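Working notes for the structure below.
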Amino acid sequence: MAEAKVPRREFLKTTTGLLTGLVVAGTPLALIAPARAWAVDLTAFTSSEAATLLAVSRTIAPHDKLDDAAYALVVRAVDSDATRDGNLQKAFKEGVGRLGADFAKAPENDRVAALKKVESSEFFQNMRLKTLQVLYATPMAYAYFGYEGEAFSKGGYLDRGFNDLRWLPEVPPEDSGPMPT
C-alpha cells in the first residue's frame, strides 16, 4: 500500500486559523484540522490513515464543538498501541482500508452507516474502546464538559460545588416532593 502524501500548500490551505493548536512531541506528521494547525507523532500509520482514524473517533463520540486536537490524542494512543502490537496494527490498517480513502471527508450520516457495517469487527471494537478511554480522560474534554477535576486536593466536594447544579434545569416546586415541616 502506497503512503499518501499531503502537499504543503494543500495542508496550509486546509488548516486555516491559528497556529496555536496542540503539538505533541517528536517529529510530527501533520493531520488535517479545520480550525487549527496541530500535529501528532505517528509511527504506525500514514497521515491519511490517521485522518481516517480521527474521523472514526469523532463519529463514535461526536461533539461538534470539541476541538479535533482532543480526538488526535485518541489517534496518538491507537498509533502507540499499534506500534507495540503488529497484529493490532494489521487490524487497524485493514479496518481503515475497509472504510475507504474518502471516509474522513464523507458526511456524518455516511460515516455512521459505514461504521455500522463494521461494528462487530476487532477494528471497530478497539477504536470504540480507545476513544472512550482516551477522549474522556483528557484535560481538553474536561474543559469542554465543565469538569473541574478531582476535588480531594482542593478540599473535597462538600465545600467545593457539592450542591452546584447550574447545569440542571430548576425543578418546579410541585415536582419537588414533600417539603419538610
What's the total number of residues in segment 88-100 that are of a type outside the set (A, V, I, L, M), surrounded by fewer than 21 Cβ atoms within 10 Å (Cβ to Cβ) and at pLDDT 95 or above? 6
Hits in segment 44-68 (condition: surrounded by fewer than 21 Cβ atoms within 10 Å (Cβ to Cβ) and touching a strand residue (DSSP E or B) at 6+ places or on another chain (Cβ under 9 Å)): 46, 47, 67
Can you report the number of residues in segment 114-152 which are surrounded by 15 or more Cβ atoms within 10 Å (Cβ to Cβ), hydrophobic (A, V, I, L, M, F, W, C) and part of a helix (DSSP H, G or I)? 9
Can you find even one residue in segment 122-131 that is β-branched (Val, Ile, Thr) and in contact with a strand residue (DSSP E or B) (Cβ under 7 Å, 6 or more places away or on another chain)? no
Quick check, is residue 78 of a type in the set (A, V, I, L, M), modelled with pLDDT of 95 or more and under 29 Å from residue 143 (Cα atoms)? yes
Test residue 52 against the stated conditions and say whether it is under 13 Å from the mean Cα position of the chain (by Cα) and of a type outside the set (Gly, Ala, Ser). yes
Could you tell me whether residue 76 is under 21 Å from residue 46 (Cα atoms) and touching a strand residue (DSSP E or B) at 6+ places or on another chain (Cβ under 7 Å)? yes
Given the structure, is residue 83 in contact with a helix residue (DSSP H, G or I) (Cβ under 9 Å, 6 or more places away or on another chain), over 30 Å from residue 150 (Cβ atoms) and either surrounded by 14 or more Cβ atoms within 10 Å (Cβ to Cβ) or modelled with pLDDT of 95 or more (or both)? yes
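The values are calculated or read from the model by the stated rules, or taken from the named source; none is laboratory data. The structure displayed is predicted, hence computed values, not measured ones. Methodologically, a virtual Cβ is constructed for each residue, glycine included, from the backbone with ideal geometry; neighbour enumeration extends over all protein chains shown.
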